[in-house]
1. Among the helices (runs of 4 or more DSSP H) lying completely within the stretch 246-360, list those that include at least 3 residues that are surrounded by fewer than 24 Cβ atoms within 10 Å (Cβ to Cβ) and of a type in the set (A, V, I, L, M).
2. Do you know which residues across the stretch 361-391 are out of contact with any helix residue (DSSP H, G or I) (no Cβ under 7 Å at 6 or more places or on another chain), surrounded by 19 or more Cβ atoms within 10 Å (Cβ to Cβ) and assigned to a helix (DSSP H, G or I)?
3. What pairs can you find where one residue is in the stretch 189-204 and more than 16 Å from the ligand (Cβ to nearest atom), the other is modelled with pLDDT of 95 or more and aliphatic (A, V, I, L, M), and their Cβ atoms are less than 7 Å apart, with a gap of 6+ or different chains?
4. Could you list all residues from the stretch 160-179 that are within 16 Å of the ligand (Cβ to nearest atom) and in a loop (DSSP other than H, G, I, E, B)?
5. Say whether the condition of being of a type in the set (A, V, I, L, M), within 23 Å of the chain's Cα centre (by Cα) and at pLDDT 95 or above is met by at least one residue in the stretch 65-84.
6. Scanning for something open to solvent by 20 Å² or more (accessible area, probe 1.4 Å), touching a residue at least 24 places away in the same chain (Cβ under 8 Å) and under 29 Å from Thr90 (Cα atoms), does the stretch 212-219 turn up at least one residue?
7. Just give me the residues in the stretch 315-339 being of a type outside the set (A, V, I, L, M, F, W, C) and out of contact with any helix residue (DSSP H, G or I) (no Cβ under 7 Å at 6 or more places or on another chain), in sequence order.
8. For the stretch 96-151, which positions are away from the ligand (no atom under 13 Å from the Cβ), open to solvent by 10 Å² or more (accessible area, probe 1.4 Å) and among the aliphatic types (A, V, I, L, M)?
Amino acid sequence: MHLSQRQLFLNHQAQTTRFPLLLEFSKAEGVYLYNEIGERWLDLISGISVSSLGHGNEKVKAAIKNQVDAYMHLMVYGEYVQAPQVQLATLLTSLLPPSLNCVYLVNSGAEATDGALKLAKRVTGRSKIIACKQAYHGSTHAALSLNSERMFKEPFEPLLPNVHFMSNGNHDDLSMVDNETACVVIEVVRGESGYIPTDEHFLQALRTQCTQNGALLIFDEIQTGMGRTGKMFAFEHSGIVPDILLLGKALGAGMPIGAFVSSHERMMTLAEQPILGHITTFGGHPVVCAAAVAGIQELLSHNWIAQVAAKERLLRERLQHRAIKSVEGKGLMLALEFESFDQNKRIIDACIANGVLTDWFLFASHKLRIAPPLIVTETQLHEACDVLLEQVEKQA
Ligand code: PLP
């Protein structure tokens, strides 16, 4: 019997839910995804904040092809001098403050989180970790330990001990950061809570509290990094510099990558006592790094990041409807708030049926996600708004 690709997916690929979307695409170009028969969908989610350059960027594809021809995997991370890794680390740190001058390349956001926690423990000699309620930093054991929601983590316990949760934005909770704290992990714009920017005064107070107590401040910019909020890194809006910066998602320009960035001095603690304090076979894969370098160069040589604020304004101006309770977020990471999950789900399903890809949030199922590729044009945003508003009117 011939099974469809969809059935084979269900049979042989591990599932993450009982209700996968089961959409099938055969091509993606610019801001559109296409199926076999040429129907297209406008991408309003960028594969969850990954495809900032859109799909099929020519410079990125050429860099990948060149690197495939030169070499792929040569050796585990950290031993050989591999040009694409060096170029990426050099380029990335040239965009960051001097205290963030050293990059550890890994394969995913969760690995960046994990590496950063180890680094913080190693640098401070402390084990107490503070994360924020309803934040998402990944799904591996260490990253899951930073998830405050019992539903997600209870079946997997025991996880990391000595993890404590504060409310993002609550100044009273700052006293949790004491001289036993290794680090505080926080998102500059809360991703899976539904794109809620962290208050700048809170970030400033947190910076001070961390510095006074010798705790490292870790910014998770895995979703906000690489221009999504209108600056290359979201922390630039506040002027607050973290001790460790986490990157992933859009950094790889469509290829899998993660990175934690800190000072050279701190990073050297992973090289001794014990030697090989953090190792990875594929972290900084040369083909991925070549794509990332090309991606950053593309971002730097176009004015997509500078256009983010105007595109945000356009969306905010257009997306007004009595059923839309709020529009939250920053730059091209916006969330439309609806009355309930059921209403939101109806609208999302109707948008998808009408050629616009969107989604909800892990901790905010009543919010609809708008995070298109940064290359999206104003015309394409109007096209998306037309569909969205029509479906809100019909489904709300
Ligand atoms: N941190 C944030 C803010 C994220 O949004 C995500 C993924 O959604 C992660 C970490 C985990 O990244 P990955 O899925 O690459 O492990």
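1. Result: 286-301, 304-318, 341-353.
2. Gln380, Ala384
3. Gln204/Ile240
4. Across the stretch 160-179, the qualifying residues are Leu160, Asn168.
5. Checked the stretch 65-84: no residue is of a type in the set (A, V, I, L, M), within 23 Å of the chain's Cα centre (by Cα) and at pLDDT 95 or above.
6. Yes: one or more hits.
7. Arg316, Glu317, Gln320, Arg322, Lys325, Ser326, Glu328, Gly329, Lys330, Glu337, Glu339, listed by residue number.
8. If the condition is that a residue be away from the ligand (no atom under 13 Å from the Cβ), open to solvent by 10 Å² or more (accessible area, probe 1.4 Å) and among the aliphatic types (A, V, I, L, M), then Leu96, Val103, Val123, Met151 are the ones that fit.
The values are calculated or read from the model by the stated rules, or taken from the named source; none is laboratory data. All values reported here derive from a predicted model rather than from experimental measurement. Every residue, glycine as well, gets a Cβ built from its backbone with ideal geometry; the counts of neighbours run over all protein chains shown. Please note that ligands, DNA and RNA were not included when accessible areas were found on the heavy atoms of the full protein model with its side chains. Shrake-Rupley method; radii C 1.70, N 1.55, O 1.52, S 1.80 Å.
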